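What follows draws every value from the coordinates through simple rules; no lab data is involved. Worth saying up front: this structure is predicted, and the values here are computed from it rather than measured. Reconstructed Cβ throughout: ideal geometry from the backbone, glycine too, with neighbour counts over all protein chains shown.
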Amino acid sequence: MIKLIPKNKIFRRILWVILGLLSLLTIWQIFKQPSLTGDWQVQLAIPSTAEFNGDLVTVRNVRNFRYGNKEEDTYPGYYDRTYNLNEIKKVWYTAEPFNENKVAAHTFLSFEFNNGDFLAITIEARKTKDQVYSIYKGMARTYPLIYIAADERDITLLRANLRKDSVYIYPVKLSKPENGRLLLTDMLERMNDLLAHPKWYNTFWANCTSSIVYHVNKLAPKKISMLSWQLWLTASADELALKHGLLDTNPPIDQAREKYFITKRSITTGDVADYSRLIRQFDSK
């Protein structure tokens, strides 16, 4: 005679199996470590490093890619350059809302020097060639976190001219003149540290925007809450920065976006040596 198992016991057994699998998945995620080796996408393959010598910092492997008519027409390039940390003239905050997704954006900082150099620091999810970025996969331990030092012409022209995304470049308000140096130094030290102690990218807690806030909060008199929803829905992060007095502009966000929108000007300017200066021909109003 076959003894039937009551339905409630079957349900409990299934529930225990599910809980067991979830526990194993959680334990695996907790102990999963990011790797420094992989078949990385070409733009993320070679990490940047910084060597400090007093007031000078030599940044190696500053990414300087050139592009053809399509993003796939990529011509990799890198250079090493020494910057005087006392010669930082201005800091700029760039926001690139994704055209297909109005709630998300990529953000990064550029540092302008008195001699006309522009050094950009972009914080990204390091993906392999067979990976496509996913907001949902970014919630799990999928992509290592990487800081890339890049020629501003590389990363801005790519987004404005090839991808045709809306790109905004805002001047940053520094509460103290030395904060530009402190901010860049902190980001470069973090860039170096990630090569010795790799960390995971996370859609919420360690994305491009929340990572910038991590550095800014060390200097700003009024801290930005890491629980702010604009750090997750990053297309509104520029509004958050304006609200906290971090942007050196006075008008409401809609007018600020209109003034500091550079996509059309970037397309008109094209890939020229004086690119960074020319795209900053802002209306003085």
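Points worth noting:
- Spatially proximal aspartates and glutamates relative to Lys199 (Cα-Cα < 13 Å; intrachain offsets below 8 disregarded): Glu124
- Take the convex hull of the alpha carbons in segment 101-239; its mean projected area over all directions comes to 9.2 nm².
- Scaled radius of gyration (Cα, divided by 2.2 N^0.38 Å) that segment 99-139 gives: 1.63
- Only helices enter this figure: runs of n ≥ 4 DSSP H residues, each worth -39500 (n - 2.57), summed and divided by the residues of the chain, yield -8500 deg cm²/dmol at 222 nm to the nearest 500.
- Highest-first packing order for the peptide set 146-154, 51-59, 263-271 is 146-154, 263-271, 51-59, based on the mean count of other beta carbon atoms within 10 Å.
- P(r) for segment 57-104, from all Cα pairs and a bin width of 5 Å, is 5, 13, 12, 15, 21, 17, 12, 5, 0 %, short bins first.
- Applying a threshold of 20 Å to the alpha-carbon distances of Lys164/Lys243; Lys129/Lys264; Lys90/Lys176; Lys70/Lys102; Lys173/Lys223; Lys176/Lys259 flags Lys164/Lys243; Lys129/Lys264; Lys70/Lys102; Lys176/Lys259 as lying beyond it.
- Lys243/Tyr79 FRET efficiency (R0 45 Å; Cβ-Cβ; nearest 0.05): 0.75
- For the chain: span of alpha carbons on each principal axis (Å, largest first): 90, 42, 40
- Contact order relative to length of the chain, as percent, for alpha carbon pairs under 8 angstrom and 6 or more apart: 19
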